[in-house]
Amino acid sequence: MPTQHRSPISQSAVSWLKKWHPWPVWALLLVVVLLVVLARAAAGAEGARGKILADGRQDFEESCVACHGADATGTGDLATKLVRPPKDLTAIAAQSGGEFPFWRVFDIIAGEKEVAGHQTFQMPNFLEQMRGADFKPGYLPAHVRILELTHYLESIQKR
């Protein structure tokens, strides 16, 4: 006579499993995964924004501090030696009706828009200067560096 194997799960457990529907658990798990993914995406966006501003600040410190000063108010070491005093870069938005003129500032830094004092030897054409480092290891293309610098200037506006 063959022996009958008994299932380790009792009949009452099997009937409970048949009645219990797993959708609420899966839905909860899906919500948790979605929240984790969104949190990581938000953290990544903040990380990218911080990197852009840090790179812009580095270019500012290397190229602008001598004239505009570390605080960007036009009080750099060379400010007194210039024919025209450097502008307060923290007041650009205030002087433009409260809005930072992003693309106008970009064009000025790139040398594509003339501004009094920039047509002389006083302010170099940064686009041309930065293009010398294009495609060198560790350097972004010049237009990207000017974008980062413009974003940095936007971030230091007086409110």
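The values are calculated or read from the model by the stated rules, or taken from the named source; none is laboratory data. All figures in this text were calculated on a predicted structure; none of them were measured in a lab. Neighbour counts run over all protein chains shown; Cβ positions are idealised from the backbone, glycine included.
Could you please give the count of residues in region 61-74 that are of a type in the set (Val, Ile, Thr) and either part of a helix (DSSP H, G or I) or within 20 Å of the chain's Cα centre (by Cα) (or both)? If you could, list the steps in order and put the result at the bottom.
Step one: filter region 61-74 for residues of a type in the set (Val, Ile, Thr), giving 65, 73.
Remaining after also requiring either part of a helix (DSSP H, G or I) or within 20 Å of the chain's Cα centre (by Cα) (or both): 65.
Total meeting the criteria: 1.
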- Task: Scan (1) under 30 Å from Leu127 (Cβ atoms); (2) at pLDDT below 90 for the single condition Leu28 breaks and write down its number.
- Result: (1)
- Flagged in region 106-126 as modelled with pLDDT of 80 or more and either touching a His at 6+ places or on another chain (Cβ under 8 Å) or more than 19 Å from His151 (Cα to Cα) (or both), in numbering order, are Ile108, Ala110, Gly111
- Flagged in region 75-102 as touching a Gly at 6+ places or on another chain (Cβ under 8 Å), assigned to a helix (DSSP H, G or I) and either in contact (Cβ under 8 Å) with a residue 24 or more places away in the chain or farther than 21 Å from Glu61 by Cα (or both), in numbering order, are Leu89
- Flagged in region 71-94 as within 16 Å of Val115 (Cβ to Cβ) and at pLDDT below 95, in numbering order, are Gly74, Leu82, Val83, Arg84, Pro85, Pro86, Lys87
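When you go through Arg159, Arg145 one by one, which is the residue that is within 20 Å of the chain's Cα centre (by Cα) and in a loop (DSSP other than H, G, I, E, B)?
Just a single option satisfies the conditions, and that option is Arg159.
Just the residues that are surrounded by fewer than 18 Cβ atoms within 10 Å (Cβ to Cβ) and either β-branched (Val, Ile, Thr) or in contact (Cβ under 8 Å) with a residue 24 or more places away in the chain (or both), please, taken from region 58-74. Working first, answer last.
First, the residues of region 58-74 that are surrounded by fewer than 18 Cβ atoms within 10 Å (Cβ to Cβ): 58, 61-62, 65-66, 70-71, 73-74.
The answer is Val65, Thr73.
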